[in-house]
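**Q** Dropping a structure here in structure tokens format, bear with me for questions.
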Amino acid sequence: MATVATLFIVTLHAQTAYNEIRENALLSASNYMAYPGPTQQKLTPAPRGYKPFYVSHYGRHGSRYHSKPSIYNAPYLTLLKADSLDKLTATGKDLMQRLDIIRKDAENHWGDLTEVGARENEDIIRRMYQRFPEVFKGAADVDARSTGVGRCVLSMEYALMQLTRLNPQLKIQQHASHRDMDYLNLQDKDLFNLRKTKKAMAAFNAFKARNSECGHLMQTLFNDSVYVRKNVRSYDFAEQLLIVAAILQDVELGKQMSLYDVFTPEEMYHIWRIGNAYWYIGWGASEATDSKMPYLQRNLLRKMIQQADSCILLPKTNVHLRFGHETVLLSFLCLLDINGFGLVTNDLDQLEPKGWINYHAFPMSGNVQFIFYRKSPADRDPLFKVLLNENEATLPLPTKQAPYYRWSDFRSYCLKKLDAYEN
């Protein structure tokens with residue numbers, strides 16, 4: 001009886017993502033979801049006497065086009081071939097025409113930042129300025145760094161132009177150098193290879209096999225089931241189509257058309273669910289990869305600690321802005337166990353019940369902000385809080401002043417964790 005009750009509770013909690021996607025199909029986009037903005041409009045006031053003096057930030061680039069033409073072409077060409085053999089329904093023909101418009105709109109914009117992405121970065125930095133005006137007063141120092149990828153550099157530029165409009169006195173430095181890549185986007189082949197082990201692949205493939213049914217979509221688009229069985233890899237096609245549907249929210253064309261109408265909520269949910277498991281094995285603390293993937297961001301964490309330690313000693317206010325990619329943001333959240341993203345499990349069915357839901361972590365322009373507070377420049381052990389996508393977040397540390405934590409507690413916890421891994 002206890003086992004049945006537990007199963008019921010797990011199933012009940014697992015419905016959260018399904019219900020959210022049913023109500024808002026845009027969530028099924030995972031990392032392609034346009035930035036939703038903060039849901040928390042009023043932040044918890046700091047303890048009496050404490051004022052913000054330092055902001056340390058890492059943000060993903062803003063909304064973009066897909067990175068290569070094959071992503072747009074794959075579902076279109078599948079439908080085009082079927083149409084040449086008169087194997088499409090009226091809905092399939094209509095979808096093929098919409099896909100053609102979408103791929104032509106994206107021509108030669110592979111991976112480019114969009115107008116939507118520019119606005120996201122302007123809005124995020126404006127809210128940061130308005131929420132913590134003490135940090136940006138007068139000639140405060142702002143150090144901004146980006147990876148060399150164009151959409152990241154432009155995301156940084158739009159944010160800095162907004163800051164300049166808000167306060168022309170700011171002393172801003174900006175960099176996009178290979179010298180910073182070892183912490184802005186570390187490439188670690190040894191860790192990357194863990195994703196390809198038999199254990200990791202077996203876990204993912206077994207989960208995928210249980211969630212890849214998309215018969216309704218095939219019946220909606222094709223008029224010949226025998227043709228589909230022999231010529232269409234149904235799940236791969238459905239996934240390709242949903243990925244193109246997902247990116248529309250990131251471009252201006254998305255105001256005029258959508259592709260979500262051809263999917264059922266169940267199909268979108270199951271494709272998203274497979275993607276969620278993919279991101280967990282690839283960047284989370286999965287037991288299938290010995291829980292090591294979050295350590296891809298060990299250099300970023302050390303850098304942020306070092307820079308914070310330096311800024312704590314300075315009398316004036318400071319800001320560090322860093323612009324990179326969703327893979328960094330996600331594994332960084334997992335490394336610090338922000339909002340429970342450090343979950344360790346070998347059961348992929350537990351991700352949703354335990355709150356490991358990727359669209360809460362890394363939408364386009366997703367970001368994490370560390371906001372530091374002190375009573376005076378003489379304070380060497382300040383308080384700080386973490387904002388994930390501009391909402392107050394939790395850390396796996398004790399505190400009597402949530403969502404505020406002691407920097408010394410966090411620093412000690414992180415350095416012990418990093419030293420244990422590296423040694």
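The values are calculated or read from the model by the stated rules, or taken from the named source; none is laboratory data. Owing to the predicted nature of the structure, the values given are computational and were not obtained by experimental measurement. Quick reminder, even Gly has a Cβ in these numbers, built from the backbone with ideal geometry, and neighbours come from all protein chains shown.
**Q** Please state which of the following conditions Met96 fails to meet, knowing it meets all the rest: (1) closer than 29 Å to His325 by Cβ; (2) surrounded by 15 or more Cβ atoms within 10 Å (Cβ to Cβ).
**A** Result: Met96 fails condition (1) only.
**Q** Being in a helix (DSSP H, G or I), out of contact with any strand residue (DSSP E or B) (no Cβ under 6 Å at 6 or more places or on another chain) and within 15 Å of Arg60 (Cα to Cα) is the filter here; which residues of region 118-154 pass it?
**A** Residues of region 118-154 in a helix (DSSP H, G or I): 118-131, 133-136, 150-154.
Within this subset, residues satisfying the condition of being out of contact with any strand residue (DSSP E or B) (no Cβ under 6 Å at 6 or more places or on another chain) are 118-131, 133, 136, 150.
Correct list: Ala118, Arg119, Glu120, Asn121, Glu122, Asp123, Ile124, Ile125, Gly150.
**Q** Among the residues of region 299-326, which ones are out of contact with any His (no Cβ under 7 Å at 6 or more places or on another chain), assigned to a helix (DSSP H, G or I) and either at pLDDT below 95 or farther than 12 Å from Tyr58 by Cα (or both)?
**A** Asn299, Arg302, Ile305, Gln306, Ala308, Asp309, Ser310, Cys311, Ile312
**Q** Taking only region 47-92 into account, find how many residues are in a loop (DSSP other than H, G, I, E, B) and more than 30 Å from Gln369 (Cα to Cα).
**A** The total comes to 5.
**Q** Something else: Which residue out of Leu253, Leu242, Leu296, Leu248 is part of a helix (DSSP H, G or I), more than 19 Å from the chain's Cα centre (by Cα) and of a type in the set (A, V, I, L, M)? Can you show your working first?
**A** Details: Leu242 fails: more than 19 Å from the chain's Cα centre (by Cα); Leu296 fails: more than 19 Å from the chain's Cα centre (by Cα); Leu248 fails: more than 19 Å from the chain's Cα centre (by Cα).
Answer to the check: Leu253.
**Q** Against the condition crowded, with 23+ Cβ neighbours inside 10 Å and either free of Cβ contacts under 8 Å to residues at least 24 places away in the same chain or assigned to a loop (DSSP other than H, G, I, E, B) (or both), how does Ser365 come out, does it pass? Give the derivation first.
**A** Details: crowded, with 23+ Cβ neighbours inside 10 Å: yes; either free of Cβ contacts under 8 Å to residues at least 24 places away in the same chain or assigned to a loop (DSSP other than H, G, I, E, B) (or both): yes.
The answer is yes for Ser365.
**Q** Please go through region 70-101 and give me each residue that is in contact (Cβ under 8 Å) with a residue 24 or more places away in the chain and touching an Asp or Glu at 6+ places or on another chain (Cβ under 8 Å), ordered by number.
**A** Tyr76, Lys87, Gly92 - these are the residues of region 70-101 that are in contact (Cβ under 8 Å) with a residue 24 or more places away in the chain and touching an Asp or Glu at 6+ places or on another chain (Cβ under 8 Å).
**Q** Select from region 368-423 the residues that are of a type in the set (Gly, Ala, Ser) and assigned to a loop (DSSP other than H, G, I, E, B) and list them in ascending order.
**A** Taking region 368-423 and keeping what is of a type in the set (Gly, Ala, Ser), we get 376, 378, 393, 402, 408, 412, 420.
Ser376, Ala378, Ala393, Ala402 - these are the residues of region 368-423 that are of a type in the set (Gly, Ala, Ser) and assigned to a loop (DSSP other than H, G, I, E, B).
**Q** Would you say Pro403 is under 17 Å from Gln306 (Cα atoms), in contact with a Lys or Arg (Cβ under 8 Å, 6 or more places away or on another chain) and of a type outside the set (A, V, I, L, M)? Write out each step before concluding.
**A** Working: under 17 Å from Gln306 (Cα atoms): no; in contact with a Lys or Arg (Cβ under 8 Å, 6 or more places away or on another chain): yes; of a type outside the set (A, V, I, L, M): yes.
Judged against the criteria, Pro403 is not a match.
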